[in-house]
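Worksheet for the structure shown next.
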Amino acid sequence: MRVRFSLFLVLLSVIHPHCHAHESQQALVRLVETDDSLCLAHGGKMVSLQLTEAAMSVDQSPVEVWIDRWFMQVQTADHTRHVLTPEVPETELGCSHSIAGPQHWTLGTIKRLPVAGAPYRKD
């Protein structure tokens, strides 16, 4: 019993930093819906991927985000990569409701990239 508990504590200490890192990466970006005339004509809103203010104020390095698209509640083959920077902090993904039906996006992998010319640092 003691061995199992000790093993559990060791595993928890190894896993915990990775969980915390994932949560902090999620705080770097957000999906935002805004009004757009074309999207409103189809009953939807424009969905954009944006860097958060916290992400821009803490570090100037680019953020790489992988996005998955869902159309009519089915995941599509679209798995797109976006790189956001303080100079270009937003990218439009599309309308939440197209002519054919609803669509949405989910965040996949999010990570900071090294600044050009800077030495690589492992997070």
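Computed from the coordinates by the stated procedures, all read-outs in this text should not be read as laboratory data. From a predicted model like this one, the values you see are computed outputs, not experimental measurements. No Cβ is skipped: glycine too gets one built from the backbone with ideal geometry, and neighbour counts run over all protein chains shown.
Annotations for the structure displayed:
- Gly108 being surrounded by 13 or more Cβ atoms within 10 Å (Cβ to Cβ) and assigned to a strand (DSSP E or B): no
- Checked against (1) closer than 15 Å to Leu93 by Cα; (2) in contact with a Leu (Cβ under 6 Å, 6 or more places away or on another chain); (3) among the small types (Gly, Ala, Ser), Ser48 passes all but a single condition, namely (2).
- The strands (runs of 3 or more DSSP E) found wholly in segment 34-104 include none carrying at least 3 residues that are touching a Gly at 6+ places or on another chain (Cβ under 7 Å), of a type in the set (D, E, K, R) and surrounded by fewer than 17 Cβ atoms within 10 Å (Cβ to Cβ).
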